[in-house]
Each structure stands twice: as structure tokens, then as C-alpha cells.
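Novice: First the structure, then my questions, so here it is.
The values are calculated or read from the model by the stated rules, or taken from the named source; none is laboratory data. In this text, all values refer to a predicted model and were calculated from it rather than measured experimentally. Reconstructed Cβ throughout: ideal geometry from the backbone, glycine too, with neighbour counts over all protein chains shown. What goes into the accessible areas is simple: the full protein's heavy atoms, side chains included, and nothing from ligands, DNA or RNA. Shrake-Rupley method; radii C 1.70, N 1.55, O 1.52, S 1.80 Å.
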Amino acid sequence: MVTKEEVMKIAILSKLFVAEDEIDRLTKDMSEIISFADTINNAADEGEDFDNINNLSNVLREDEVVPSLDRELILANAKDSDDGCFMVKNIMK
């Protein structure tokens, strides 16, 4: 159970303003959140291992080196290029 004092302490640590008329509602809400978290923490896991539940070994394909376009052909329409790279204008000044 969360107390009003704990709610105010959390508000102060968080540098949040909490109006007096909101304290009761926040205390109730925080108690419900903590109760829900306790329920989840106490749920039985039956010792099941949740790692790799679909029995997948490797869903990624192997990398393959494949032919690509010629670098000069790619850079043929570039406005500016240098040492096989596109040159772009620096917009940050």
C-alpha cells in the first residue's frame, strides 16, 4: 500500500507539483500499479524456458558476394565525386 507521504516524496524527487486534491487519486493509482506488478512477479512460470520458443535455429540467410555495378558507371551522373565517393555539399555552417 502506497501512502500519501510516499506520493509526496516521489513528487518532490521528480520535481513535480501535486495539488492536494490529486494526492488521494494518485495514492490509489500507484497502489494499483504496484499491486499489478506484484501479481505479474508472482505468476508461475512453471520452469519453462522462453528462449527460442519457436525452435528457430537461424532465420537469416547466409551472406553472398554477388556482382555489382561498376563504380565508374554509378558515379557517371554524380555532380561531384572524389576517390570513388559521392561529394555532397556541406549544409551545416
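Every residue, every condition in (1) in contact with a Pro (Cβ under 6 Å, 6 or more places away or on another chain); (2) surrounded by 11 or more Cβ atoms within 10 Å (Cβ to Cβ); (3) without any contact (Cβ under 8 Å) to a residue 12 or more places away in the chain, yes or no:
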{"residue": "Thr3", "(1), (2), (3)": "no, yes, no"}
{"residue": "Val7", "(1), (2), (3)": "no, yes, no"}
{"residue": "Ile12", "(1), (2), (3)": "no, yes, yes"}
{"residue": "Phe17", "(1), (2), (3)": "no, no, yes"}
{"residue": "Glu22", "(1), (2), (3)": "no, yes, yes"}
{"residue": "Phe36", "(1), (2), (3)": "no, no, yes"}
{"residue": "Arg71", "(1), (2), (3)": "no, yes, no"}
{"residue": "Ile74", "(1), (2), (3)": "no, yes, yes"}
{"residue": "Asn77", "(1), (2), (3)": "no, no, yes"}
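Novice: Still on this structure, please answer the following. Among what's in segment 38-52 and is open to solvent by less than 100 Å² (accessible area, probe 1.4 Å) and modelled with pLDDT of 85 or more, pick the residue that is nearest to the chain's Cα centre (by Cα).
Specialist: Ile40
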